[in-house]
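Structure, as structure tokens:
Every number here is computed from the coordinates shown, using simple stated rules; none is lab data. Remember, predicted model here, so these are calculated numbers, not experimental data. Cβ placement follows ideal geometry from the backbone for every residue including glycine, while neighbour counts extend to all protein chains displayed.
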Amino acid sequence: MDNFISNEWLTIITLAVQAGILKFAYRLYKNFISKENNRDSAIRGLLRVEIINICHRAEKDGVLPIWALENLTDMYNTYKALGGNGAIGGLYNKTIRLPQRKED
């Protein structure tokens, strides 16, 4: 056994260093994924609030300005791509059926 360690000490040290580097890289990857998931959740929440605001404003006014329709559609598509649930879908579909108005 002592003969093996004395002959392969460089290999053993190299493997230990590689294992440490892999552990460090895996920890960095997990941290990155966690931050990315949190960022997606925050963006999804902000989009949800703004979609609701636009929909409620349009429902109150009885019309949906063209610019609001474009923004609403872009935000809704992004919201869905980020994993947003279907609760906003009904509100969105109801709102886009409102009469549309061009801004002067």
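Using a simple charge model, +1 on the beta-carbon of Lys and Arg, -1 on the beta-carbon of Asp and Glu, nothing else, what dipole does the chain show about its Cα centre, in debye to the nearest 20?
360
Its alpha carbons considered, the chain gives a radius of gyration followed by a Dmax of 26.8, 89 Å. Note on Asn71 and Ala25: with the Förster distance fixed at 30 Å, the Cβ-Cβ geometry gives a FRET efficiency of about 0.15. Note down the relative contact order for the chain as a percent, whole number, built from C-alpha pairs under 8 angstrom at least six residues apart. This gives 32 percent for the chain. Fully extending the segment from Asp40 to Arg101, taken as 0.36 nm per residue of separation minus the present Cα-Cα distance, adds 18.7 nm. Note on the chain: lysine pairs with Cα distance below 28 Å, sequence gap of 8 or more or different chains, count 9. Computed extension length for Ser6-Glu50: 9.1 nm, one decimal, from 0.36 nm per residue of separation with the Cα-Cα distance subtracted.
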